[in-house]
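See below for the structure under consideration.
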């Protein structure tokens, strides 16, 4: 299930989570968060060896949704 979000000020729509987001987070770790422009999470993922291997992928949905919500994106 893909999750889309809309930027409140100009109406731009973006897919913020795809169907395989946990697998991508597990395989690529910090690079996944860098691709999503989540620099703090990329650093944490790098220094904790990808969230102790399974922690970050399990909570990836909540991490990404919260980060985009704080940046001003509204889930559709």
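No value in this document is a laboratory result; all are computed from the given coordinates. Not measured: the values here are computed from a predicted model. Every residue, glycine as well, gets a Cβ built from its backbone with ideal geometry; the counts of neighbours run over all protein chains shown.
Could you work out the equivalent-ellipsoid semi-axes for the stretch 11-76, taking the square root of 5 times each eigenvalue of the Cα gyration tensor, largest first, in whole Å?
Numbers: eigenvalues 85, 29, 19 Å².
Each semi-axis is √(5λ); the values are 21, 12, 10 Å.
Go through 61-73, 19-31 and give me the packing order, highest mean Cβ count within 10 Å leading. Kindly include the intermediate steps, with their values, before the conclusion.
Working: 61-73: 14.8, 19-31: 16.3.
Highest mean packing first, the order is 19-31, 61-73.
Compute the helix-to-body angle for 60-71: its Cα long axis versus the longest principal axis of the chain, expressed 0 to 90° and rounded to tens.
40
How high is the FRET efficiency between residue 43 and residue 19 when r is their beta carbon distance and R₀ equals 22 Å, given to the nearest 0.05?
Working: r = 27 Å, r/R0 = 1.21.
Using R0 = 22 Å, I get an efficiency of 0.25.
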